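Colleague: Okay, here's the structure, questions in a sec.
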Amino acid sequence: MKDTPLSNCERDFILKAIEEKKRLDGRQTYDFRRIKITFGTDYGCCFVDLGKTRVMAQVSCELVAPKESRPNEGIMFFNIELSPMASPAFEQGRQSELSVKLNRQLERCLRNSKCIDTESLCVVAGEKVWQIRVDVSMLNNDGNLMDAASVAAITALCHFRRPDVGIQGDEVTVYSPEERDPIPLSIYHMPISISFSFFQQGTFLLVDPCEREERVMDGLLMIAMNKHREICSIQSSGGIMLLKEQVMRCSKIAAVKVSEITELISKALLNDRTARKAGGRCGFAESMPQERITALKTDETLMETSDVTERANDIVEKAGAPPQTVPSPLVPAPGVGQVSQGQQNTWGLQEEDEDDDDDDDEQNGKETKMETEPQEEEKGAGDVVEISDSEEEEVVILTSETSGQAKNADSSSHQKRAAASKRRPKK
Amino acid sequence: MEVCESSKVSLREFGCEQNLLSRPDGSASFVQGDTSVMAGVYGPAEVKVSKEIYDRATLEVLIQPKVGLPTVRERSQEQCIRETCEASLLLSLHPRSSLTLVLQVLHDDGSLLSCFLNAACMALMDAGLPMSCLFCGVTCAINTDGQIITDPTAAQEKESRALMTFAIDCAKRRVLMSSTKGSFSVHELQQCIAVSQKASEKIFQFYRDSVRRRYSKNL
Amino acid sequence: MAGLELLSDQGYRLDGRKATELRKVQARMGVFAQADGSAYLEQGNTRALAVVYGPHEMRGSRSRTLHDRAAINCQYSMATFSTAERKRRPHGDRKSTEMSLHLKQTFEAAIMTQLYPRSQIDIYVKILQSDGGNYSVCVNAATLAVIDAGIPMRDYVCACSVGFVDETPLADLCYAEESVSSLSVALLPRGGQIALLQMDARLHQDHLEALMEAAMTACKGVSKVLDEVVRQHLQEAAVLNVCP
């Protein structure tokens, strides 16, 4: 599906507003939209709302063989999925230019800056290391996906706990969270990407562009930085001509924004930790706003199910028992074998014959009884409570029978074989 | 043997929020216990020529798993949901157009398919698409003792002998779609359907309440 | 890389260069006859081949046609034998797609695309041998190829990578130096405008200015070399034209 095109007058309006230092949502040029960070039920799941842009990150881990070039380092894998939910222009499973750009920037921001201690993810050097996978899904695109994705990814990494492992000799045991507390990743610093958009050949600069602004901008500059004012990556895109002074100015703004966001992330992480320690429930279900008119929630509801059984019985009875009659077998000409559905098997199989003629001894008779009984059970299934009671008695009898039969098992099989051999000449 | 204990027949607390995303034409999140799903609907919109159907709208359902790419499991669930939606949506009112329903797993704690269905219905309602009836999803599990558990958690699903999900319409409480796993008798199946129909009443009441709440204030 | 001394006490680098010294640049324009423009460029041990076709009518999907300017199509690839480890390099992996995108972005800024509306310019670049600074060498080679094709540009686009070791900016990095830290800049030297800026390193904000200054100086150095190559080429061509 194609994205809705932006009309010329809309474009002119936005540009004119920017020239007058005004923005559509009433922000100042260097203002960020409101950031909200919430966590999922399990570790390593994080939702970030940046204005109306919404992003989800989920971290998962698995034990894999390391890369040959780095036998004692864990593997980091990042994937930004542009879900078609976020925007009609996104298509599932297609590598668009935007997705390559976002993925590479996230990789550069989080992997190349070495913010995660990959050596601590090694379990057995050269054989087993942890692969940490970060999946970021876009849920709603209202501009500046990169910043939202980088905040979500680093927060989810900070929130994530991996299972503890023990090594005895050659064996690696992964402990479940009940056995041993899971371990957080060791993170050195938190790089956060900040986007700047340029308009009118770089004359105007905006922080955190929304979707409309992104459509009319000339170019974008993304600076990833941590709170120690260390730049982790810079990337310019779009056909703009930057001047050195502009880059320097952006890096100064980025430093301020990064320290604000880092504080917010650590506050959110702390809140979540205290909530989890207090044993309170957390997760998406809990974070749903209650006061909004569009939201509603009910408590656990019990259901009246007294007549369910009767209803089911009614239906089953009305439907009637499935026809028991087997389609009459075609009688083949003598000497013709036939195997097919619904027909009797006329290949000379001895066991079948035995079951059919019941002129045999008592043991054999018991055996067939044993086989038929469970079928009967199913037919009368669940009618009323009484039946189940009586069935239980039967079960007791059956078990005693089988134990009694076990002793005779040998002799009976002997007899069977004898009977079979007797019959063979008949045919 | 197959008598259900009333204590097991309950729905976990459930909730929903509509119109929470700005881009899609209709969106909803549905929560059942810890299981949560987000749904977004785009359409009716322009359709690709290759997918065009001359007398009705083309409905596409996409499921986005939480980790990794969609697998065969997601594809089969997409199919189930698509058929349910096609049965209730009046697609012939929008010929030569496309409807896209995207479902994102937020957390899976059992009864995922029924949660998908409920979220889908709420999102379709939010998008204002004409439907002949509403539908809801109910998952029933039969545990090894033969007890029926409605709206099971992931742990209960794992222990169960059979797992069934039904989509039920609101007009006549008929079954629109069923997806089953494991072994069970005809009687058990009928019992589960009856339980699901009971449960659907609660869910439809919830739909009605939430929509009433949403439109309770006039502008 | 901890054991490697990238900058000796005497101020010399691994390959004996000074901190601000560029590698030797050698280039030839017009290496292919059938292409509209082509160039071969060596910068130290990194070698690249660039070919330009166009401007011509839109090919492939017509939906990409731009009604007010030319569309630029770039493709970057690396030869199987370009690195120490022989490796099949499939088309369309993330890194090469990104590199193609960056090249496209750089040349969209530099080429006067508004002169050729509804047409297309193709730039194909192949790295034959890789020893650091792949992006820069590709840009430099492609610039020469575009000039060879006679497509008007605002200015030369010159690219260079710089690193930061022991508080000293190093210009034009080789592979060993690149893995530590690298900042690539594509510059239009006359106006001091940056067409592309990319950094892959952890660097304190205070050092950024010095590093960018060094990068721009290095780019200007490259531009001088490129200018010489172009003049030399034109002279040769003129001589050939005068006495056929």
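Colleague: Calculate the dipole size of chain B relative to its Cα centre from +1 charges on Lys and Arg beta carbons and -1 charges on Asp and Glu beta carbons; express the result in debye to the nearest 20. Show your work: numbers first, answer last.
Modeller: Values: 24 positive and 25 negative charges, 96 e Å.
My answer is approximately 460 debye.
Colleague: In square nanometres and to one decimal, what's the mean projected area of the convex hull around the Cα atoms of chain C?
Modeller: Mean projected area of the Cα convex hull: 15.2 nm².
Colleague: What number does region C:33-94 give for Rg over Rh if you use C-alpha atoms and the Kirkwood radius?
Modeller: On the way: Rg = 15.5 Å, Rh = 14.7 Å.
A ratio of 1.05.
Colleague: Placing unit charges on C-beta atoms (Lys and Arg positive, Asp and Glu negative, everything else neutral), compute the dipole magnitude of the protein assembly as shown about its Cα centre in debye, rounded to 20.
Modeller: Values: 103 positive and 127 negative charges, 1067 e Å.
That gives a dipole near 5120 debye.
Colleague: What distance in nm separates the simple spin-label points at C:Leu66 and A:Cys9, each placed 7 Å from Cα in the Cβ direction?
Modeller: If labels sit at C:Leu66 and A:Cys9, their model points lie 2.7 nm apart.
Colleague: To the nearest 10 degrees, how steeply does helix C:134-148 sit against the main Cα axis of chain C, on a 0 to 90 scale?
Modeller: 30 degrees
Colleague: For a Förster distance of 25 Å, can you work out the FRET efficiency between the beta-carbons of C:Leu128 and C:Gln232, rounded to the nearest 0.05? All intermediate terms of the calculation are to be shown ahead of the outcome.
Modeller: Details: r = 22 Å, r/R0 = 0.88.
That gives a FRET efficiency of 0.70.
Colleague: Considering only A:Phe78, A:Val129, A:Asn112, whose Cα is most displaced toward the positive end of the charge dipole of region A:62-141, charges sitting on Cβ of Lys, Arg (+1) and Asp, Glu (-1)?
Modeller: Result: A:Asn112, furthest along the dipole toward the positive end.
Colleague: Next question, about the same structure. Tell me, what ³J(HN,Hα) does each residue in region C:149-159 have, in order and in whole Hz, if you take phi through Karplus 6.51 cos²θ - 1.76 cosθ + 1.60 with θ = phi - 60° and put x for Gly and Pro?
Modeller: 6, x, 8, x, 10, 5, 6, 4, 9, 10, 10
Colleague: With +1 on the Cβ of every Lys and Arg and -1 on the Cβ of every Asp and Glu, and nothing else charged, how large is the dipole of region C:25-242 about its Cα centre, in debye rounded to the nearest 20?
Modeller: Details: 21 positive and 24 negative charges, 197 e Å.
Value, rounded to 20: 940 debye.
Colleague: Starting from one equal scatterer on each C-alpha and no solvent at all, send me the Debye-based log10 I(q)/I(0) for region B:53-95 at q = 0.14 Å⁻¹, two decimals.
Modeller: -0.40
Colleague: Going by a ≥ b ≥ c, the root eigenvalues of the Cα gyration tensor, does the protein assembly as shown fall in the rounded group (a/c under 1.5), the prolate group (a/b larger than b/c) or the oblate group? If you can, show how the numbers build up before the last one.
Modeller: Values: a/c = 2.23, a/b = 1.93, b/c = 1.15.
It comes out prolate by the Cα gyration axes.
Colleague: Taking the Cα of B:Lys172, stepping 7 Å toward and past its beta carbon, and measuring to each backbone N in region B:106-148: which are under 18 Å?
Modeller: Of the residues in region B:106-148, B:131-136 have backbone N under 18 Å from the label point off B:Lys172.
Colleague: Sequence-distant or interchain residues sharing an amide H contact under 5 Å with B:Leu59, placed H: which?
Modeller: B:Leu99
Colleague: Something else now. Please give the length that would be gained between A:Arg111 and A:Ser69 if that part of the chain were fully extended, namely 0.36 nm times their separation in residues minus their C-alpha to C-alpha distance (nm, one decimal). Before the final figure, lay out the partial values.
Modeller: On the way: separation 42, 0.36 × 42 = 15.12 nm, distance 1.61 nm.
Full extension from A:Arg111 to A:Ser69 adds 13.5 nm.
Colleague: Less than 10 Å Cβ to Cβ from A:Ile234, Lys/Arg counted +1 and Asp/Glu -1: what total charge do the surrounding residues give? List each step's numbers first, then the result.
Modeller: Values: positive: A:Arg108; negative: C:Asp200.
Summing Lys/Arg as +1 and Asp/Glu as -1 gives 0.
Colleague: Could you calculate the FRET efficiency of C:Glu21 with A:Glu19 from 1/(1 + (r/R0)^6), where r is the beta carbon distance between them and R0 is 45 Å, rounded to 0.05?
Modeller: Working: r = 45 Å, r/R0 = 1.00.
E(calc), rounded to 0.05, equals 0.50.
Colleague: Now, a different point. Under DSSP H, which helices of chain B have Cα atoms covering 24 Å or more of the helix axis and a Kyte-Doolittle average no less than 0.0?
Modeller: Once both thresholds are applied, nothing remains.
Colleague: Right, another one. Let me know the whole percent of all Cα-Cα pairs from region C:83-185 that are separated by more than 19 Å.
Modeller: Details: 2671 of 5253 pairs.
Tail fraction, whole percent: 51.
Colleague: I want to check the label-to-label distance for A:Thr203 and B:Ala45. Put each point 7 Å from Cα in the C-beta direction and report it in nm to one decimal.
Modeller: Placing both labels 7 Å along Cα→Cβ, they lie 3.4 nm apart.
Colleague: Just C:Val162, C:Val185, C:Val229 to compare: in a GNM of chain C, with alpha carbon springs under 10 Å, which one fluctuates most?
Modeller: C:Val229
Colleague: Using a 7 Å offset from the Cα along the Cα-to-Cβ direction at both B:Val67 and A:Ser120, what is the distance between the two label points in nm, to one decimal?
Modeller: 2.0 nm
Colleague: Let me ask you something else. Over all residues in A:129-140, what is the mean tally of Cβ atoms on other chains that come within 10 Å of each residue's Cβ?
Modeller: Values: counts 0, 0, 0, 0, 2, 1, 6, 0, 8, 3, 12, 8.
So the per-residue partner count for this stretch is 3.
Colleague: When the scattering of region C:1-66 is computed by the Debye formula from its Cα atoms alone, each counted once and equally, what is log10 I(q)/I(0) at q = 0.16, 0.17, 0.18, 0.20 Å⁻¹?
Modeller: One equal scatterer on each Cα of region C:1-66 leads to -0.73, -0.76, -0.80, -0.88.
Colleague: Which one, B:Ile142, C:Leu6, A:Gln95, is farthest towards the positive end of the dipole of the protein assembly as shown when Lys and Arg carry +1 and Asp and Glu -1 on their Cβ?
Modeller: Positive-end residue among those listed: C:Leu6.
Colleague: With respect to the cross-link table entries A:Lys244/C:Lys220; A:Lys277/B:Lys66; A:Lys101/B:Lys48; A:Lys297/B:Lys181; A:Lys114/A:Lys252, which display a Cα-Cα separation exceeding 20 Å?
Modeller: Values: A:Lys244/C:Lys220 14 Å; A:Lys277/B:Lys66 26 Å; A:Lys101/B:Lys48 26 Å; A:Lys297/B:Lys181 30 Å; A:Lys114/A:Lys252 22 Å.
Distance filter (> 20 Å) returns A:Lys277/B:Lys66; A:Lys101/B:Lys48; A:Lys297/B:Lys181; A:Lys114/A:Lys252.
Colleague: Over all directions, average the projected area of the Cα convex hull of region B:14-214 and note it in nm².
Modeller: Details: hull surface 45.7 nm².
Orientation-averaged projected area of the Cα hull: 11.4 nm².
Colleague: Something else: Looking at this model, which pairs from C:Lys18/C:Lys104; A:Lys128/C:Lys87; C:Lys95/C:Lys126 are more than 22 angstrom apart at the alpha-carbon?
Modeller: Values: C:Lys18/C:Lys104 32 Å; A:Lys128/C:Lys87 25 Å; C:Lys95/C:Lys126 14 Å.
Flagged as over cut-off: C:Lys18/C:Lys104; A:Lys128/C:Lys87.
Colleague: Compute the acute angle (0 to 90°) between the alpha-carbon long axis of helix C:94-110 and the principal axis of greatest extent of the alpha-carbon atoms of chain C; round to the nearest 10°.
Modeller: 70 degrees
Colleague: Across peptide B:105-113, how many C-beta atoms of other chains are within 10 Å of each residue C-beta, on average?
Modeller: Details: counts 3, 11, 8, 2, 4, 0, 0, 0, 0.
So the per-residue partner count for this stretch is 3.
Colleague: Can you tally the net charge around C:Ala149? Count Lys and Arg as +1, Asp and Glu as -1, for every other residue whose Cβ sits under 12 Å from the Cβ of C:Ala149. Please list the in-between numbers first.
Modeller: Working: positive: none; negative: C:Asp36, C:Asp122, C:Asp148.
Net charge in that neighbourhood comes out at -3.
Colleague: Could you rank the peptides A:289-301, A:169-181 by their average count of other C-beta atoms within 10 Å per residue, with the highest value first?
Modeller: A:289-301, A:169-181
Colleague: Charges on Cβ only, +1 for Lys and Arg, -1 for Asp and Glu, centred on the Cα centroid of the protein assembly as shown; of C:Gly37, B:Thr165, A:Val59, which one is farthest towards the dipole's positive end?
Modeller: Farthest towards the positive end: C:Gly37.
A short reminder: the numbers here are calculations on the coordinates, not readings from a lab. Every value quoted in this text rests on a predicted model; they were computed, and no experiment measured them. In this analysis, Cβ positions are derived from the backbone assuming ideal geometry, glycine residues included, and neighbour counts consider all displayed protein chains.
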